[in-house]
Amino acid sequence: MYDDFITKNAHQVSQIESTLRSLTYIIPGRFRDAEIASESIHSGVQLLSLYHDTLLRRAQKLTRLPLPPSLAAHPPSPRSRYTRFWTLRSALYRRVAYVLQVVQYVELLCEMAAKRRGERARWRVVVLLEAVKAACRLLLMRITRSRPLVTPVLPEREPIPEEPPGEEEEEERDDAEPGEDDEDRGDGRRTIANGDAESVAASYANGSAEDGNLHKCSPSPSSPQQQQQQQQQKQLGPNGEWTMSRTGMSLPSLPAPGDTGGYLLSRVLTADDIKPAPKLLNRLHGQAQAAEVLHILAPLIFATALALTQTNNKGDGDRARRRAWLPWLLGVGAELAARQLRDRGLRTTPLEREEWSRRGWAMGWWALRGAFYEHVTKGIVEGVRRRMPGLLAGILEDYEYLWENYYFSTSS
């Protein structure tokens, strides 16, 4: 029952998940004593979304339904093709990827719970979770035969196609009038045959309202005309394609006269479009493999160095640990060394370059970690907060509380 409900209402479920997730982002630490409750909601929504992704992926695989016109016009990205290939091919990859994803969703909640038992217990949990994540990533690298990791390691959600509009009404008409021809309806509408596809597409390209109704009909009162126009708008996709009411198939819109070149280029296949999924990322050797391993171990090195930093065991021991430069320099140094050792040759694939570009942007989180945040970024953030309106300043202050007190709040 639950599986069927999620499959048939995928769009509404996604909106609910997004709303709940947004609420947890807006009030991250407003209730300092109830931070675990707030993070529990966020982790629960993430885990539930992961379970829903599994249900939708399984339903689409079993039913083999065609994609809706809005998605059919946009083929899956190379990242989605690559992760889907390994998820379907290797059961071990799928299990390890799920473990890694679950750990990333609950790591901050585990740190919050461990902190209530003391700083020593907290840092043991932090190092343990970073070790589990590093082990999962190294294992995924081994399963994919020394290929770089992509983020996320699981394919993104692909919504189940919704039923074409008016399908239930037409089924009722079939039951009421079994002798009626399937291609002719009482309201004068006519289903598009294969031979009429070009004429209908051309009529919509010319913007003719009468031809867009798929038939020539006699004048009718204004209200039925408005209903017909609303029905036409429902059957038009976001890119102007026409969706046939019975079959759910679509006819692409024709380009504008001055944009023929762009229209043709948008339908040209690139090298990545025809490559097999495993070939989207090359196997790593030598320095490139060392760079990938170093990138995986960098968070573990940083967390271990923080945990081993000597403090005076007083109330400000955690602050003294955060202000120490050595752990931060070790973590950033490992990241920079990985970027210097990576393969920059001509054989590098676009997906690999895209992944390293994403990692480059993710290095911005180091400005909110450890000694750099305590000595540099914190003063800048406080100065910006004083100049912001009250509501926005309150939200930023809540995030400052998380950045200053929890390691995984800035973990990427």
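Label sites at VAL102 and LEU329, each approximated as a point 7 angstrom past Cα along Cα to Cβ, lie 4.0 nm apart.
The Cα-based radius of gyration of region 302-368, divided by its Kirkwood radius, gives an Rg/Rh of 1.16.
Computed over region 336-375, the range of Cα coordinates on each principal axis works out to 41, 17, 8 Å, biggest value leading. Alpha-carbon geometry of region 287-412: the Rg and the Dmax are 17.1, 54 Å, given in that order.
Computed over region 262-409, relative contact order equals 25 percent, with contacts defined as Cα pairs under 8 Å that lie 6+ residues apart. At a probe radius of 1.4 angstrom, the accessible area of region 362-412 per residue rounds to 47 square angstrom.
The values are calculated or read from the model by the stated rules, or taken from the named source; none is laboratory data. Bear in mind that the values here come from a model prediction, so they are computed numbers and not experimental data. Virtual Cβ from ideal backbone geometry, glycine too; neighbours counted across all protein chains shown. Areas reflect the complete protein model, heavy atoms only, side chains present, ligands, DNA and RNA absent. Shrake-Rupley method; radii C 1.70, N 1.55, O 1.52, S 1.80 Å.
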